[in-house]
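Below you'll find the structure, written out as C-alpha cells, and then a few comments.
The values are calculated or read from the model by the stated rules, or taken from the named source; none is laboratory data. Computed from a predicted model, the values in this text were never measured in an experiment. Note that each Cβ is placed from the backbone with ideal geometry, even for glycine, and that neighbours are counted across all protein chains shown. Accessible surface areas use protein heavy atoms only, side chains included; no ligands, DNA or RNA. Shrake-Rupley method; radii C 1.70, N 1.55, O 1.52, S 1.80 Å.
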Amino acid sequence: MKYDHILIRYGELALKGKNRKDFENKLKENIQFAIREHRTCKVKRTYGRMFIELHDENPNDVLEKLKHIFGISSFSLAMKTENDVEAIKEGALQAFLQREGNNRTFKVSARRSYKPFPIRSQDLNQHVGAHILRNTENVTVDVHNPDVEVVVEVREQGTYITCGRIDGAGGLPVGTAGKVALMLSGGIDSPVAGYLAMKRGAEIEAVHFHSPPYTNERARKKVEDLTNILTKFGGSIRLHIVPFTELQKAIHAHIPSSYSMTIMRRMMLRITERIAQKQDAKAVVNGESLGQVASQTLESMHTINEVTNIPILRPLVTMDKQEVVEVSEQIGTYDISVLPYEDCCTIFLPSDSVTKPRRDKAVRFEEAFDFEPYINEAVQYVETLTIGNEQENKTEQKMNDLL
C-alpha cells in the first residue's frame, strides 16, 4: 500500500449554505487547472471534502501546486482503503510507517462520516491504535502531543487515512466573487493588491499603462512577468496594455505641474473604467495605501475618484510598506518589482505635486483643454494579452470596439 490520494479540506466554503456547491465546483475547476500538467490525476468532490487521485504522479509536485490555490484550508497525503476494519487497520499502519520523520509517539483520530459503518469512532481508535502498537517497536501512544496524528475518515466511498497536514492558502476560490480590473503598474504594491483581491475570490484582469519610448520594452516585459506569477494563484489572466504616451504628453503640456499627477490618475481611472465595463468587471483594484505618497492622501483619493462611480478597492489601504514588501517576497513578485525599469508614473514626475487637490480645480484644469480625443485613442488601441503558464504572451484581441 502507498499514499495514492490527496485529501483537500475547505475553509470558508463550509459556511456558504445554498451557494456551497457553486463554490466547490469553482474550487475543483481551479485545482484542475493548477495540476493540468499531471494528466493522470483525477479531482473528485464529495460533501465537505475534495480528493485527488494520484495514480503514478509524483505527489510532491502536486502538493506544491496546491499551496497556491485559494479556497483550500489544508490538505494531506492520504491512503484509501475499503470500509473494512481489517483493511483500515493495515492502511493506518502503512501510512504511519511511510510517514517521514522521527515518529515515536502517535494518536489515532477516527471520524465516521458514513454512519452505516458498524464500528463507532472511539472503538475504531482503539482497533487501529492497538494494531499499530503490535506491529512497531519503541512506539507509544501520546494523546496530548504526539509526533503523528493518524486521522481515519470513514466516508461512503471509502476510508481515507492521513498522517499530518499542510496549510493551504485559505480565502475563497478565484472567480467566486466576480471580476475586477487591476491597475498594474509594475511596482511592489499593485501585484500584492491583485494577489489579495484574488484571495477574496476575485478574478482579475490587469490594466497597464505603457508610454514608449519613455518606458521601454523591458518595463513592459516586467509587467508581463508579474502577471505570469499571479496566474499560479488563479489561472490565466488577461493583461490590457494601454498606449499612454500621447495622453501623458498632453497632460504635461497643458496641466500645471502641481496637478499633473492628479489629472494623470483621473485619466487612468477613466480608461480603466471603460476597459472594466467592456470586460464585465464590477470594480477597480489598485495598490494605494493611505498616506504613502502624494497621490494617496484622502483628499487625493476623493478628487481622483470623482471621475467614476465604479467601486475602487484598495486592499493595501491600512498596510505599511514593510508589510507589503513581506507579502511580495512571499508570493514571489518582489525581485521583479524592484527591477529598475521605469513605469509611466515615474516619467514627467513633478517635484511639487499637491497633496490635497481640490475637485473644482481639477475639473477647471481639465476643461481648459479637450483631452477626450486622447482618451478615445488610448482606449481604441489597447492591446490585450492572455498570460498563462504555457502561453505567456499570446495576443488575444484588439479592443477597437471599446468606443
Quiz prompt | Any hit, region 292-307, residues being touching a residue at least 24 places away in the same chain (Cβ under 8 Å), in a loop (DSSP other than H, G, I, E, B), open to solvent by 10 Å² or more (accessible area, probe 1.4 Å) and in the same structural domain as A202 (by the TED database) | solution = yes
Quiz prompt | Within region 240-263, considering residues that are of a type in the set (A, V, I, L, M) and farther than 17 Å from P373 by Cβ, the one surrounded by the fewest Cβ atoms within 10 Å (Cβ to Cβ) | solution = I241
Quiz item: Does A169 satisfy being open to solvent by 40 Å² or more (accessible area, probe 1.4 Å) and either part of a helix (DSSP H, G or I) or more than 16 Å from F96 (Cα to Cα) (or both)?
Solution: no
Quiz item: If G48 satisfies every condition in (1) at positive phi; (2) surrounded by 15 or more Cβ atoms within 10 Å (Cβ to Cβ) but one, which is the exception?
Solution: (2)
Quiz item: Given the structure, is K222 open to solvent by 10 Å² or more (accessible area, probe 1.4 Å), under 30 Å from T386 (Cβ atoms) and in contact with a His (Cβ under 6 Å, 6 or more places away or on another chain)?
Solution: no
Quiz item: When T355 is evaluated against the numbered criteria (1) at pLDDT 95 or above; (2) open to solvent by 30 Å² or more (accessible area, probe 1.4 Å), which criterion, by number, is the only one it fails?
Solution: (1)
Self-check item: Residue, nearest to Q157 (Cα to Cα), within region 51-81, restricted to residues that are open to solvent by less than 20 Å² (accessible area, probe 1.4 Å) and of a type in the set (G, A, S)
Solution: A78
Quiz item: Among A78, A87, which is the only one that is assigned to a strand (DSSP E or B), touching a residue at least 40 places away in the same chain (Cβ under 8 Å) and of a type outside the set (D, E, K, R)?
Solution: A78
Quiz prompt | region 361-374 residues that are assigned by the TED database to the domain that holds S258, paired with ones that are open to solvent by 40 Å² or more (accessible area, probe 1.4 Å) (beta carbon under 6 Å, 6 or more apart) | solution = F369/H254; Y374/E246
Exercise. Could you pull out the residue among I310, I331 that is touching a strand residue (DSSP E or B) at 6+ places or on another chain (Cβ under 9 Å), closer than 19 Å to E205 by Cβ and either open to solvent by less than 30 Å² (accessible area, probe 1.4 Å) or among the β-branched types (V, I, T) (or both)?
Key: I310
Quiz item: What pairs come up if the first residue lies in region 90-114 and is farther than 10 Å from M1 by Cβ and open to solvent by 70 Å² or more (accessible area, probe 1.4 Å), the second is part of a helix (DSSP H, G or I) and hydroxyl-bearing (S, T, Y), and their beta carbons are under 8 Å apart, counting only those six or more places apart or on different chains?
Solution: R111/S121
Quiz item: When the residues of region 179-209 are filtered to those that are open to solvent by 20 Å² or more (accessible area, probe 1.4 Å) and charged (D, E, K, R), which remaining residue is nearest to T333 (Cα to Cα)?
Solution: D189
Quiz item: When region 192-225 is examined, which residues are found to be assigned to a helix (DSSP H, G or I) and closer than 21 Å to I72 by Cβ?
Solution: V192, G194, Y195, L196, A197, M198, K199
Quiz item: Which of (1) buried (at least 24 other Cβ atoms within 10 Å of the Cβ); (2) in a helix (DSSP H, G or I) does K232 not meet, given it meets every other one?
Solution: (1)
Practice problem: Would you mind telling me which numbered condition in (1) at pLDDT 95 or above; (2) under 17 Å from the mean Cα position of the chain (by Cα); (3) buried (at least 20 other Cβ atoms within 10 Å of the Cβ) T176 fails? | Solution: (1)
Practice problem: Return the residue satisfying two criteria in turn: it lies in region 266-291 and is under 25 Å from E367 (Cα atoms) and open to solvent by 40 Å² or more (accessible area, probe 1.4 Å), and of such residues it is nearest to the chain's Cα centre (by Cα). | Solution: Q277
